[in-house]
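S.K.: Supplied in structure tokens, the structure appears directly below.
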């Protein structure tokens, strides 16, 4: 698995980047890779047409968990329903934070989770936990796990999962 240094080039920039709608349902992206330094990836454009998108760049913030909690507290104040999206090493934290904000979080959408057994993690809540994309280990896989959250397969997986929840 790739590791991203908190002192590396991806640690620069804002810890949270907002895009999309000013109100309504939200997608809170927990990104351990620290992409979206200034803007969300262009592949997320069609999702941003329908959602508030809060891209939380965990390498960029000293207080990454607090930054995510602040985003969810803001959404709670706005009474905006939220779905979390996380990849790799950020998946367990996203699940834990979802439990804290179970009143507004309806799903946690995972990409290449480090723990393959995600069933039952939020079984005592109404929050759905779904794996929406995985890297494909093998000789023709050009992207090492976890897939970047801006990858088209991730965006397609998120869109399909959200469409299936309506």
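S.K.: Which of the residues that make up the range 80-100 are out of contact with any strand residue (DSSP E or B) (no Cβ under 9 Å at 6 or more places or on another chain) and in contact (Cβ under 8 Å) with a residue 12 or more places away in the chain?
M.R.: The answer is 89, 100.
S.K.: In the range 141-166, what count of residues is obtained for those that are surrounded by fewer than 20 Cβ atoms within 10 Å (Cβ to Cβ) and at pLDDT below 90?
M.R.: Here the count works out to 7.
S.K.: When the residues of the range 12-50 are filtered to those that are assigned to a strand (DSSP E or B) and free of Cβ contacts under 8 Å to residues at least 40 places away in the same chain, which remaining residue is farthest from residue 70 (Cα to Cα)?
M.R.: 20
S.K.: Just to be sure before I move on: is residue 58 modelled with pLDDT under 95 and touching a helix residue (DSSP H, G or I) at 6+ places or on another chain (Cβ under 6 Å) in the structure I sent? Even if it seems obvious, please write down each step before you answer.
M.R.: Working: modelled with pLDDT under 95: yes; touching a helix residue (DSSP H, G or I) at 6+ places or on another chain (Cβ under 6 Å): yes.
Answer is yes for this residue.
S.K.: Does at least one position in the range 110-123 carry a residue that is touching a strand residue (DSSP E or B) at 6+ places or on another chain (Cβ under 7 Å) and at pLDDT 95 or above?
M.R.: Yes, the range 110-123 contains a residue that is touching a strand residue (DSSP E or B) at 6+ places or on another chain (Cβ under 7 Å) and at pLDDT 95 or above.
S.K.: So, in the range 46-92, how many residues would count as being more than 14 Å from the chain's Cα centre (by Cα) and surrounded by fewer than 21 Cβ atoms within 10 Å (Cβ to Cβ)?
M.R.: 16
S.K.: Across the range 51-70, what is the total count of residues that are closer than 18 Å to residue 162 by Cβ and in a helix (DSSP H, G or I)?
M.R.: We begin by selecting, within the range 51-70, every residue closer than 18 Å to residue 162 by Cβ; these are 51-55.
Narrowing further to those that are in a helix (DSSP H, G or I): none.
Going through the range 51-70 one residue at a time, the tally reaches 0.
S.K.: Would you be able to tell me the number of residues in the range 79-96 that are at pLDDT 95 or above and farther than 18 Å from residue 34 by Cβ?
M.R.: 5
S.K.: As an exercise: evaluate residue 118 against (1) surrounded by fewer than 19 Cβ atoms within 10 Å (Cβ to Cβ); (2) assigned to a helix (DSSP H, G or I); (3) in contact with a helix residue (DSSP H, G or I) (Cβ under 9 Å, 6 or more places away or on another chain) and give the number of the one condition it does not meet.
M.R.: Condition (2) is where residue 118 drops out.
The values are calculated or read from the model by the stated rules, or taken from the named source; none is laboratory data. Note that the coordinates shown come from a computational prediction; the quantities given were computed from them, not determined experimentally. Note that each Cβ is placed from the backbone with ideal geometry, even for glycine, and that neighbours are counted across all protein chains shown.
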